[in-house]
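So the structure is just underneath, and the comments pick up after that.
Taken together, the values in this text are just the output of simple stated rules run on the coordinates, not laboratory data. Every value quoted in this text rests on a predicted model; they were computed, and no experiment measured them. Here the Cβ positions follow ideal geometry from the backbone for every residue, glycine too, while neighbour counts run over all protein chains shown.
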């Protein structure tokens with residue numbers, strides 16, 4: 001499964017990324033959504049039943065990439081801790097939402113407001129233990145400044161990635177999808193995407209592509225450079241979305257953007273792509289189970 | 001083999017600069033911001049790819065990429081003054097980097113040493129450096145604190161408050177894979193300002209130094225200009241090195257000549273690295 005790379009030299013980059021994101025769908029699912037959903041749910045639940053007893057797993061992009069490329073690293077996972085790097089996306093998404101809605105003018109202003117509001121919430125005791133707000137409150141000035149700086153950089157990269165006025169309808173900023181499976185299923189999927197936006201309707205396209213609601217497109221911004229399994233990571237965002245919203249059209253495409261290296265990958269979504277991604281998830285679960 | 005040097009054009013050097021002077025140096029002459037040559041970034045990348053294939057080609061290993069940063073380049077081209085290991089200058093530099101970030105983001109530094117240490121602690125990746133600082137003797141620690149406080153004072157006095165519309169972002173990481181990921185050029189830029197290019201050069205890069213002015217600092221910012229060009233498809237219009245000890249800023253425009261010299265210097269360094277690999281029979 002491979003995606004299509006965008007020309008790394010086309011300027012302005014945001015315009016090119018936005019055009020490809022919202023373009024009319026180029027492929028269709030190609031099979032009955034209900035049947036596809038049932039088959040994939042059964043396959044994923046079946047793979048989950050092969051996990052060691054009392055194990056339940058949430059498959060996200062990190063798990064998928066690591067299990068497929070370096071599974072031994074999953075045997076001693078680091079416990080989650082808040083840090084500038086783990087906090088930047090949550091804070092950055094809130095800041096970008098504020099900028100896109102027009103309530104803040106710049107990422108720096110927006111992040112300052114988001115962090116101040118979170119600290120104030122934590123002061124009032126309205127946050128649960130271990131929350132981001134509680135952690136922010138616990139930091140001294142120098143530490144909190146680094147968190148803000150990291151979030152500003154992240155938010156600026158996302159804001160600069162797209163031509164927001166070129167998105168037809170107001171986008172959803174922060175559009176992760178979870179699928180928990182049927183009762184007793186020990187596998188959950190988490191698909192990460194920063195932006196969900198409707199695609200354009202193309203009246204010249206075959207009727208099968210234009211009937212019904214307009215499919216959405218997902219935009220995901222990732223760190224570093226594309227891994228050898230980058231297309232599968234993008235596919236996971238679409239798979240989780242399809243499984244979580246089986247009554248809605250599947251996403252038409254996922255656009256991955258790696259701002260550190262200026263690379264973009266476009267993955268059109270059809271039935272075979274979702275099946276390939278589910279197969280990769282099942283392979284990842286097997287690799288994890290084999291660790292013992 | 002010749003080692004490329006930085007182009008001869010002299011950067012604008014200001015004597016200890018006030019905030020408005022620094023702003024002027026960062027902004028440069030708006031009328032001189034060039035249109036982007038759409039073929040430039042692709043050409044530079046192809047040149048690098050060809051050079052990488054000729055030099056490190058036989059050592060390709062995508063599972064263990066050769067990661068090249070400014071320090072690796074400086075070391076390969078030696079005689080390098082690049083620091084290695086933990087030291088007071090390294091600690092000072094890390095603390096000043098954190099304080100610069102804080103100043104750009106929040107507009108204030110209240111307690112330099114405490115803020116700097118808090119900033120290093122929260123990051124979670126500086127345990128060894130923090131242990132080193134904690135283990136310093138009283139005299140060394142006092143000297144470090146004094147130096148950090150003095151440089152922070154210079155920063156607060158002389159660094160301008162950048163309008164948020166300049167989109168200042170700190171510690172921006174750039175990672176350029178070559179040869180399918182077998183060689184990775186990387187860098188972390190202390191400060192990037194400006195919106196992404198829409199056809200005219202529009203970003204500025206700033207590197208902050210806590211030590212004294214060194215000749216290789218120009219090559220460092222030229223390398224960052226090259227990375228930014230390869231990443232975004234457009235060269236920055238300006239690169240600058242800011243010296244926190246004195247408040248001086250060296251700024252210059254980014255020309256094609258600058259980028260070409262940086263490509264040549266990078267390839268020269270890679271050739272030396274490849275020679276070193278050949279002597280030991282490949283990556284260890």
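Take each residue of peptide B:120-133, count the partner chain Cβ atoms within 10 Å of its Cβ, and average: the result is 3.
Ellipticity at 222 nm from helices only: DSSP H runs of n ≥ 4 in chain B, each -39500 (n - 2.57), divided by the residue count, give -15500 deg cm²/dmol.
Cα centroid distance between region B:223-284 and region A:1-59, in Å? Taking the Cα centre of each part, region B:223-284 and region A:1-59 sit 38 Å apart. Does a label point 7 Å from the Cα of residue A:86, set along Cα-to-beta-carbon, have any residues of region B:136-177 with amide nitrogen under 12 Å, and which are they? Under 12 Å, as judged by backbone N against the label point of residue A:86, lies no residue of region B:136-177.
Normalised by residue number, the volume inside the convex hull of the Cα atoms of region A:96-232 is 199 Å³ per residue. Extent of region B:88-157 along its three principal axes (Cα atoms, max minus min coordinate, largest first): 31, 26, 17 Å. Scaling against 2.2 N^0.38 Å puts the C-alpha radius of gyration of region A:186-292 at 1.16.
When only Cα pairs below 8 angstrom with a gap of at least 6 residues are kept, chain B shows a relative contact order of 32 percent. Distance from the Cα centroid of region B:174-198 to that of region A:215-289 is 24 Å (rounded to whole angstrom).
Its Cα gyration tensor gives chain B an equivalent ellipsoid, and the semi-axes of that ellipsoid, as √(5λ) in whole Å with the largest first, are 31, 25, 16. Take each peptide in B:220-230, B:103-113, count the other Cβ atoms within 10 Å of every residue, and average; sorted highest first, the result is B:220-230, B:103-113. Fully extending the segment from residue B:30 to residue B:257, taken as 0.36 nm per residue of separation minus the present Cα-Cα distance, adds 79.7 nm. Each residue, residue B:153 and residue A:204, gets one label point 7 Å from its Cα in the Cβ direction; the gap between the two is 7.0 nm. Just so you know, the Rg over Rh for region B:104-225 is 1.01, from Cα atoms, with Rh as the Kirkwood radius. Starting from one equal scatterer on each C-alpha and no solvent at all, send me the Debye-based log10 I(q)/I(0) for chain A at q = 0.09, 0.13 Å⁻¹, two decimals. Once normalised to I(0) and log-transformed, intensities are -0.47, -0.98. By the gyration tensor of its Cα atoms, with a ≥ b ≥ c the square roots of the eigenvalues, what is the shape of region A:84-160: rounded for a/c under 1.5, prolate for a/b over b/c, or oblate? Cα axes put region A:84-160 in the prolate bin.
In this label model, residue B:146 and residue A:120 are separated by 4.4 nm, measuring between points 7 Å along each Cα→Cβ vector. Spin-label pair residue A:15-residue B:86: with each label point 7 Å from Cα along the Cα-Cβ axis, the two points sit 5.2 nm from one another. Across region A:1-155, the fraction of Cα-Cα pairs farther apart than 25 Å, rounded to a whole number, is 58%. Rounded to the nearest 0.05, the FRET efficiency derived from the C-beta distance between residue B:58 and residue B:131 at R0 = 45 Å is 0.65. Computed from the Kirkwood radius of its Cα pairs, the Stokes-Einstein diffusion coefficient for region B:196-284 at 20 °C and 1.002 mPa s stands at 148 µm²/s.
Can you give the FRET efficiency for residue A:7 and residue A:129, using 1/(1 + (r/R0)^6), R0 = 45 Å, r = Cβ-Cβ distance, to the nearest 0.05? Working from the Cβ atoms, E equals 0.40. Evaluate the protein assembly as shown: find the radius of gyration of its Cα atoms, find its Kirkwood radius, and give the ratio Rg to Rh. We get a ratio of 0.97 for the protein assembly as shown.
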